[in-house]
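Novice: Provided herewith is a single structure, encoded as structure tokens, for subsequent inquiry.
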Amino acid sequence: MKRIFHTIFVSVVILLLSSCGRPIPIEDLTIALILGVDIDEENNLVISESSPVFSEDAPKNIATYEVKAKTIRESRELFNVRATGDVTAAKIQVFLIGKRVLEQDNWFSMLDTVYRNPTFSINTRVIVVDGPVADVIFYEPDNKPPLPLHLKGLIDKYTMRTTDVIITFQELHRQMYEKGLTAFIPELIKDNDLRLNGLTLLDGDGKYVDSLSINESLLLLVLKGEQKHELTLTFPVTSVEEDGGIFNLNEISIAFSNINTKVKSSYKDDKFSFDFNIKMRGSIAERLFVTGSMKEDELKKMMEKELKSQFEDLINKIQENKIDPTGLGLYARAYHYEQFKKVEDNWGEALAEANINVSVEVEIKSPGAVK
């Protein structure tokens with residue numbers, strides 16, 4: 001009896017859902033896969049979208065539109081009067097935002113419709129464009145998939161093999177409202193081709209303050225303890241003399257397969273203190289100088305000194321900009337709640353005055369297949 005009742009209930013629900021609206025043929029839809037937001041030279045909000053064309057007679061398989069609008073929601077109506085089908089945002093894969101937008105006050109409120117409208121996917125990837133968004137969204141790469149697929153693949157491959165950072169609308173929302181850290185977003189640049197260029201750093205108000213290179217982005221993830229894949233770093237061995245040729249014959253590359261980051265926090269003398277203890281274990285992936293030029297212990301100490309210096313340079317940049325992409329505020333709130341509550345609205349300034357120390361321990365587990 002229960003099985004019969006369940007079957008009848010499911011059938012009724014299906015009938016009700018199927019009668020809620022008329023099915024729309026795919027050729028009558030304009031399915032936006034990329035949405036871009038930028039500001040032009042006259043401070044007008046410029047919104048663009050790229051969508052596939054489902055027609056064998058069309059000369060191109062991608063249609064791209066650009067409009068000036070006051071809001072993202074208003075741009076949809078402007079797209080509708082230009083596109084061949086009804087524009088839908090349900091399948092947007094990538095959201096491009098110009099760096100000039102991030103330099104404006106209260107830019108995040110522009111995304112209200114993204115979080116309010118259930119048709120938007122909160123798993124859409126968010127990317128900052130260093131330059132005009134139009135240069136990216138109107139780009140037609142040769143011998144590559146259509147731009148929406150190429151761009152998504154580029155982001156996913158890059159994040160899996162290097163930074164491990166995928167910022168979606170959902171993650172961006174969390175970072176913007178989390179007082180224990182400041183937001184960061186992967187950065188894209190268009191020169192001869194498209195390439196990801198590191199991370200864009202935002203302050204406590206969400207405004208652009210600085211950018212990190214690829215190498216600095218990798219170091220940031222180590223500090224955050226979020227480096228999940230193998231990390232390869234290349235160091236100059238300063239004690240090995242160069243021969244003056246065109247090749248850098250004093251370089252060594254280490255593939256770190258195991259990285260363990262621990263953070264200890266304390267509060268004394270009206271200041272927060274944080275100690276990073278980083279252990280990195282890896283194998284020699286490349287060595288361009290003669291074996292015997294440096295003993296293993298010397299090489300280990302050299303790498304530890306170089307890594308410590310690079311981490312300290314990154315921390316200095318973070319403190320100078322009064323930001324916290326490392327999320328040290330989460331430790332402060334967890335272990336020193338009363339002190340953190342007093343400065344949570346100005347956490348970047350509090351972190352700028354904090355004492356932050358880094359210790360690095362390197363272990364070389366293998367010299368590689370050929371010694």
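The values are calculated or read from the model by the stated rules, or taken from the named source; none is laboratory data. Treat the numbers as computed from the prediction; the structure is a model and nothing was measured. Positions of Cβ are backbone-derived with ideal geometry, glycine not excepted, and every protein chain shown enters the neighbour counts. Just so you know, the surface numbers come from the protein's heavy atoms only, side chains and all, with ligands and any DNA or RNA stripped out. Shrake-Rupley method; radii C 1.70, N 1.55, O 1.52, S 1.80 Å.
Novice: Scan the stretch 203-217 and tell me whether some residue there is aromatic (F, W, Y) and either over 22 Å from V360 (Cα atoms) or modelled with pLDDT of 85 or more (or both).
Specialist: Yes, the stretch 203-217 contains a residue that is aromatic (F, W, Y) and either over 22 Å from V360 (Cα atoms) or modelled with pLDDT of 85 or more (or both).
Novice: Looking only at the stretch 125-134, decide whether some residue is in contact (Cβ under 8 Å) with a residue 40 or more places away in the chain, in a loop (DSSP other than H, G, I, E, B) and not acidic (D, E).
Specialist: Looking for residues that are in contact (Cβ under 8 Å) with a residue 40 or more places away in the chain, in a loop (DSSP other than H, G, I, E, B) and not acidic (D, E), one finds at least one in the stretch 125-134, hence yes.
Novice: Inside the stretch 74-107, can you point out the residues that are assigned to a helix (DSSP H, G or I), surrounded by 14 or more Cβ atoms within 10 Å (Cβ to Cβ) and of a type outside the set (G, A, S)?
Specialist: E74, R76, L78, F79, K99, R100, V101, L102, W107
Novice: While we're on this one: Might you let me know whether the stretch 168-189 holds any residue that is surrounded by fewer than 13 Cβ atoms within 10 Å (Cβ to Cβ), within 26 Å of E226 (Cβ to Cβ) and touching a residue at least 12 places away in the same chain (Cβ under 8 Å)?
Specialist: Within the stretch 168-189, none of the residues are surrounded by fewer than 13 Cβ atoms within 10 Å (Cβ to Cβ), within 26 Å of E226 (Cβ to Cβ) and touching a residue at least 12 places away in the same chain (Cβ under 8 Å).
Novice: Also, quick follow-up: Give the residues of the stretch 208-231 that are farther than 19 Å from R281 by Cβ and among the charged types (D, E, K, R), sorted by residue number.
Specialist: D210, E216 - these are the residues of the stretch 208-231 that are farther than 19 Å from R281 by Cβ and among the charged types (D, E, K, R).
Novice: Answer yes or no: is there a residue in the stretch 282-303 that is within 16 Å of S359 (Cβ to Cβ), in contact with a helix residue (DSSP H, G or I) (Cβ under 8 Å, 6 or more places away or on another chain) and open to solvent by less than 90 Å² (accessible area, probe 1.4 Å).
Specialist: The answer is no, given that none of the residues of the stretch 282-303 is within 16 Å of S359 (Cβ to Cβ), in contact with a helix residue (DSSP H, G or I) (Cβ under 8 Å, 6 or more places away or on another chain) and open to solvent by less than 90 Å² (accessible area, probe 1.4 Å).
Novice: Now, a different point. Looking at the stretch 330-371, which of its residues are part of a loop (DSSP other than H, G, I, E, B) and over 28 Å from the mean Cα position of the chain (by Cα)?
Specialist: H336, P367, G368, A369, V370, K371
Novice: Looking at the stretch 298-314, is at least one residue more than 15 Å from V222 (Cα to Cα), part of a helix (DSSP H, G or I) and at pLDDT 95 or above?
Specialist: No, the stretch 298-314 has no match at all.
Novice: Somewhere in the stretch 213-226, is a residue in contact (Cβ under 8 Å) with a residue 40 or more places away in the chain, in a loop (DSSP other than H, G, I, E, B) and under 13 Å from the mean Cα position of the chain (by Cα)?
Specialist: Yes, because at least one residue in the stretch 213-226 is in contact (Cβ under 8 Å) with a residue 40 or more places away in the chain, in a loop (DSSP other than H, G, I, E, B) and under 13 Å from the mean Cα position of the chain (by Cα).
Novice: Would you mind finding the one in N192, N197 that is out of contact with any Pro (no Cβ under 9 Å at 6 or more places or on another chain), at pLDDT below 90 and either buried (at least 18 other Cβ atoms within 10 Å of the Cβ) or part of a loop (DSSP other than H, G, I, E, B) (or both)?
Specialist: N192
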